[in-house]
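Just passing along the structure, written as structure tokens.
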Amino acid sequence: MLDAFSKPQNRKWTSILLGFAALLGIAAAVIGIDDNLPGILFAFLGITAFVLAFAHPWRTSRQSLRLFLASILGLVVFGGLMIVCDLIGSKIEASGVTRLLLNIGSTLFLILALICPSGLLVGAVGAVVMAIRNRRLEGKS
């Protein structure tokens with residue numbers, strides 16, 4: 001993550017990608033993401049731009065592969081937590097703070113549905129692109 005701010009060129013691209021992420025996030029909020037495909041697409045692209053803002057300086061496929069594997073782990077963990085929160089919420093009649101804590105399940109669903117697939121996409125594409133790029137560079141040496 002610190003590589004994104006280490007060099008002036010990296011800072012420039014990080015700022016551009018974060019700007020795109022913010023604009024796409026605002027567009028998604030204005031359009032709305034409740035059963036609205038353009039809004040969901042803008043939200044997904046905004047989160048993908050956010051992930052890419054910190055992943056773009058990586059130069060090895062191993063770093064992207066770690067992001068890919070962490071996203072798979074996130075899908076499993078957040079999926080399980082979401083199911084547990086949903087089960088507890090359906091079994092307990094609660095109000096106030098307890099209900100608020102159980103609504104964390106909806107937040108986990110957003111993480112599960114938007115952030116993890118973005119990490120999968122950026123990690124998979126980054127791993128393949130860097131593997132091909134590094135193999136070509138080794139062949140030229």
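The values are calculated or read from the model by the stated rules, or taken from the named source; none is laboratory data. Small disclaimer: the values here were computed from a predicted structure and weren't measured. Please note: Cβ atoms are built from the backbone with ideal geometry, for glycine as well, and neighbour counts cover all protein chains shown. We work out accessible area using only protein heavy atoms, side chains counted, and drop any ligands, DNA or RNA first. Shrake-Rupley method; radii C 1.70, N 1.55, O 1.52, S 1.80 Å.
Rounded to the nearest 10 degrees, what's the angle between the helix 116-140 long axis and the longest principal axis of the chain, both from Cα atoms, 0 to 90?
10
Assigning unit charges at the beta carbon (Lys, Arg +1; Asp, Glu -1) and nothing else, what dipole magnitude in debye, to the nearest 20, does segment 56-141 show about its Cα centre?
Its charge dipole is roughly 620 debye.
Counting each DSSP H run of 4 or more residues in the chain as -39500 (n - 2.57), what helix-only mean residue ellipticity at 222 nm follows after dividing by all residues, to the nearest 500 deg cm²/dmol? Walk me through the numbers on the way to the answer.
Working: 6 runs with 112 residues, N = 141.
Theoretical 222 nm ellipticity from helices: -27000 deg cm²/dmol.
Between 0 and 90 degrees, rounded to the nearest ten: what's the tilt of helix 61-91 against the longest Cα principal axis of the chain?
Between the helix axis and the principal axis of the chain, the angle is about 0 degrees.
Which value does Rg/Rh take for segment 31-101 over its C-alpha atoms, Rh per Kirkwood?
Using only Cα positions, Rg/Rh for segment 31-101 is 1.13.
Quick one: with all protein chains in place, what share of the accessible area of segment 41-141 is carbon or sulfur, to the nearest percent (1.4 Å probe)?
That fraction is 71 percent.
In 10 Å bins starting at 0, how do the alpha-carbon pair distances of the chain split up by percent?
Reading the bins upward from 0: 12, 29, 32, 18, 7, 2, 0.
Taking the Cα centre of the chain as the origin and placing charges on Cβ (Lys, Arg +1; Asp, Glu -1), which of G139, P38, G25 is farthest toward the positive end of the dipole?
Value computed over the given set: G139.
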